[in-house]
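Asks: First the structure, which I've put down as structure tokens, then a few questions once you've had a look.
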Amino acid sequence: MAALAARGYAVAPFKVGPDFIDPGHHSRVAGRVSRNLDGWMLSRAYNLETFARHTIDADIAVVEGVMGLYDGYDGRSEAGSTAQMAKWLGLPVVLVVGARSMARSAAALVKGFEGFDDALSFAGVMFNHLGSDRHLGYLKEAMDGHVRMPVLGGLVRDAAIAIPERHLGLVTRDDHDLSAEHRRRLAGLIESRINLDELIRILPEIDRRGGASIASNGMNSADVRIGVARDAAFCFYYPDNLELLEAAGARLVYFSPLTDSRLPEGLDGLYFGGGYPELHAGTLSDNRSLRQEIRHLSRMNMPIYGECGGFMYLCREMGDAEGNAFPMTGCLPLDTRMLGRLKALGYREITQAQATVLGPAGQTMRGHEFHYSTISGGAVDASGAYRMTDRAGMDKAAEGFVARQTLGSYVHLHFGSCPQAARHFVCACGRWAAEHKKD
């Protein structure tokens, strides 16, 4: 993406799967918002429409895959895989092979990927983690006469371009913003190591059909103001979620629980996304004035929604793995605590067991769960707003925690799986505004 942007192309970035972190880095290097495509959370039609809408004014689209090319929900089908998405979108695949300590065996691996699904097309193969130029030469010799796709080049191992990792994956753009110099280095590396001209020549024309804008419901966006927490602690938002709220009539007003001592004026609702509040627990706790204001609004029945890290902030306290506890807003009568291991990971489908600020009982939505924390105490009668299953349909523990009009959950919901949820939340905020704002 950096190399294409440096050549002057308008690059439309996409990420397959529920990832929040990679799209942030995409957006930085491409200068355009990266969008999630997902074969399980979102319908085929929604994915196609999203791709078409956000490539209308682009020269080149780059879609980063998820896991291995053919890895999906199970071992029997392509459902949820990068291969499925490539076929849905009609795009060729650039196969990236980690070739550390490999030589002729790489040809067998590439040939297997190439012949596994005849309906999939390949633009070429790139090798990663090479030891030297000589290593790349061995691999090219091995490919010759055995695979059809061209070898586009390969990257020699270089620790200087690595992005640091932590417990939820790569460090976010907020904490590792790729500088202009870093981006120039990335672009130069690709230009010197990858046959970019050949790749561009191979690429097909983008199908731009079906790219209508997200439909507005015609409400006046000045009527409903929703505060969105956005900083290094709360940075996991699907762009579609925010745009669907705006299309439903909301004006989004951003604020920082880390640095703002007061909320913006005139808010009618609050949205706390996920992120890394555990890394900033002390700062969030020390901001007592904001915590108290949020708790007061929750007790006044303001619609408030938080997911994963945002849910943790809405609880009474957040504990770390060493046994320290940090007071949070106390909107929900629960406590959370960080663990030294992964607590939950996977796709989730939730059905509302009761009406909430996101919609009526019986409404179904899809999302993703990924966290190292757990509920360590509190009132059990706050739980159970959601009935939850995993992608295989197996029942999971009850989710969805409610107090008044505050709703929190560990599940990152994608509103694209149920656009009515955004409309319900905006309407709930509008009703609250009508009740509490007098001319």
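The values are calculated or read from the model by the stated rules, or taken from the named source; none is laboratory data. Note that the structure is predicted; figures quoted are calculated from it, not measured. Here the Cβ is made from the backbone with ideal geometry for all residues, glycine too, and neighbour counts use every protein chain on show.
Asks: With 401, 425 as the choices, which residue is within 25 Å of residue 278 (Cα to Cα), within 23 Å of the chain's Cα centre (by Cα) and assigned by TED's automatic domain parsing to the domain that holds residue 354? Steps first, answer last, please.
Replies: Working: 425 fails: within 25 Å of residue 278 (Cα to Cα).
Result: 401 is the single residue among 401, 425 that is within 25 Å of residue 278 (Cα to Cα), within 23 Å of the chain's Cα centre (by Cα) and assigned by TED's automatic domain parsing to the domain that holds residue 354.
Asks: Another question, if that's okay. Please find, within region 136-146, the residue that is surrounded by the fewest Cβ atoms within 10 Å (Cβ to Cβ) out of those that are charged (D, E, K, R) and in a helix (DSSP H, G or I).
Replies: Applying the filter and picking the extreme gives 141.
Asks: Listed residues 290, 258; which is touching a residue at least 12 places away in the same chain (Cβ under 8 Å), touching a helix residue (DSSP H, G or I) at 6+ places or on another chain (Cβ under 8 Å) and at negative phi?
Replies: Details: 290 fails: touching a helix residue (DSSP H, G or I) at 6+ places or on another chain (Cβ under 8 Å).
Just a single option satisfies the conditions, and that option is 258.
Asks: Run down 112, 137, 98, 68 and say which single residue is of a type outside the set (Lys, Arg), within 30 Å of residue 345 (Cα to Cα) and over 28 Å from the mean Cα position of the chain (by Cα).
Replies: 112
Asks: Restricting attention to region 222-239, which residues are assigned to a helix (DSSP H, G or I) and either hydrophobic (A, V, I, L, M, F, W, C) or crowded, with 21+ Cβ neighbours inside 10 Å (or both)? Walk me through how you get there before you give the answer.
Replies: First, pick out the residues of region 222-239 that are assigned to a helix (DSSP H, G or I): 239.
None - no residue of region 222-239 is assigned to a helix (DSSP H, G or I) and either hydrophobic (A, V, I, L, M, F, W, C) or crowded, with 21+ Cβ neighbours inside 10 Å (or both), so the list stays empty.
Asks: For region 234-278, how many residues are more than 15 Å from residue 294 (Cβ to Cβ) and of a type in the set (D, E, K, R)?
Replies: Within region 234-278, residues that are more than 15 Å from residue 294 (Cβ to Cβ) and of a type in the set (D, E, K, R) number 5.
Asks: Quick test of your reading of the structure: residue 311 fulfils all but one of (1) at pLDDT 95 or above; (2) farther than 18 Å from residue 371 by Cβ. Name the failing condition by number.
Replies: Exception for residue 311: condition (2).
Asks: Go through (1) at pLDDT 85 or above; (2) in contact with an Asp or Glu (Cβ under 9 Å, 6 or more places away or on another chain); (3) not assigned by TED's automatic domain parsing to the domain that holds residue 29 for residue 241 and report which single condition fails.
Replies: In the conditions (1) at pLDDT 85 or above; (2) in contact with an Asp or Glu (Cβ under 9 Å, 6 or more places away or on another chain); (3) not assigned by TED's automatic domain parsing to the domain that holds residue 29, residue 241 misses (2) alone.
Asks: Is it fair to say residue 278 is modelled with pLDDT of 95 or more, of a type in the set (Asp, Glu), part of a helix (DSSP H, G or I) and in the same structural domain as residue 322 (by TED's automatic domain parsing)? So that I can check it myself, show each step before the final result.
Replies: Working: modelled with pLDDT of 95 or more: no; of a type in the set (Asp, Glu): yes; part of a helix (DSSP H, G or I): yes; in the same structural domain as residue 322 (by TED's automatic domain parsing): yes.
It is false that residue 278 is modelled with pLDDT of 95 or more, of a type in the set (Asp, Glu), part of a helix (DSSP H, G or I) and in the same structural domain as residue 322 (by TED's automatic domain parsing).
Asks: Right, next: I'd like the full set of residues that are surrounded by 12 or more Cβ atoms within 10 Å (Cβ to Cβ) and over 22 Å from the mean Cα position of the chain (by Cα), limited to region 71-93.
Replies: Those that are surrounded by 12 or more Cβ atoms within 10 Å (Cβ to Cβ) and over 22 Å from the mean Cα position of the chain (by Cα): 90, 92.
Asks: Count, please, the residues in region 150-183 that happen to be touching a helix residue (DSSP H, G or I) at 6+ places or on another chain (Cβ under 6 Å) and not in a strand (DSSP E or B).
Replies: Total satisfying the criteria: 4.
Asks: Which residue, of 61, 86, is in a helix (DSSP H, G or I), modelled with pLDDT of 95 or more and of a type in the set (Gly, Ala, Ser)?
Replies: Going through 61, 86 in turn, just one is in a helix (DSSP H, G or I), modelled with pLDDT of 95 or more and of a type in the set (Gly, Ala, Ser): 86.
Asks: How many residues does region 351-380 contain that are among the small types (Gly, Ala, Ser) and under 22 Å from the mean Cα position of the chain (by Cα)?
Replies: Looking only at that region, the number is 2.
Asks: Being in a loop (DSSP other than H, G, I, E, B) and either in the same structural domain as residue 74 (by TED's automatic domain parsing) or charged (D, E, K, R) (or both): is that true of residue 348 here?
Replies: So residue 348 fails the test.
Asks: I've got another one for you. Working only within region 147-204, note down all residues that are over 17 Å from residue 4 (Cβ atoms), small (Gly, Ala, Ser) and surrounded by fewer than 16 Cβ atoms within 10 Å (Cβ to Cβ).
Replies: Residues satisfying the conditions are 159, 160, 162, 169, 179.
Asks: Sort out which residues of region 305-323 are touching a residue at least 24 places away in the same chain (Cβ under 8 Å) and surrounded by fewer than 24 Cβ atoms within 10 Å (Cβ to Cβ), and write them in order of number.
Replies: Here is the first cut: in region 305-323, the ones touching a residue at least 24 places away in the same chain (Cβ under 8 Å) are 305-316, 318-320.
Listed by number, the residues that qualify are 316, 319, 320.
Asks: Let me spell it out: the conditions are (1) touching a His at 6+ places or on another chain (Cβ under 8 Å); (2) surrounded by 22 or more Cβ atoms within 10 Å (Cβ to Cβ); (3) at pLDDT 95 or above, and residue 37 meets all of them except one. Which number is the exception?
Replies: Looking at each condition in turn, residue 37 falls short on (1).
Asks: Determine, yes or no, whether residue 348 is closer than 20 Å to residue 359 by Cα, out of contact with any Leu (no Cβ under 7 Å at 6 or more places or on another chain), modelled with pLDDT under 95 and surrounded by 16 or more Cβ atoms within 10 Å (Cβ to Cβ). Full working, then the answer.
Replies: Details: closer than 20 Å to residue 359 by Cα: yes; out of contact with any Leu (no Cβ under 7 Å at 6 or more places or on another chain): yes; modelled with pLDDT under 95: yes; surrounded by 16 or more Cβ atoms within 10 Å (Cβ to Cβ): yes.
When the stated conditions are applied, residue 348 passes them.
Asks: Now, a different point. Which ranges mark the strands (runs of 3 or more DSSP E) fully within region 361-438 that have 3 or more residues being at pLDDT 85 or above and closer than 21 Å to residue 309 by Cβ?
Replies: Fully inside region 361-438 and qualifying: 364-371, 401-403, 406-409.
Asks: Just checking, does region 94-111 include any residue being of a type in the set (Ser, Thr, Tyr) and not in a loop (DSSP other than H, G, I, E, B)?
Replies: Among the residues of region 94-111, at least one is of a type in the set (Ser, Thr, Tyr) and not in a loop (DSSP other than H, G, I, E, B), which makes the answer yes.
Asks: Restricting to region 240-299, give me the number of residues that are farther than 16 Å from residue 313 by Cβ, of a type in the set (Gly, Ala, Ser) and surrounded by 20 or more Cβ atoms within 10 Å (Cβ to Cβ).
Replies: Here the count works out to 4.
Asks: Something else: Output the number of residues of region 333-345 satisfying the condition of being assigned to a loop (DSSP other than H, G, I, E, B) and in contact with a strand residue (DSSP E or B) (Cβ under 7 Å, 6 or more places away or on another chain).
Replies: Selection size over region 333-345: 3.
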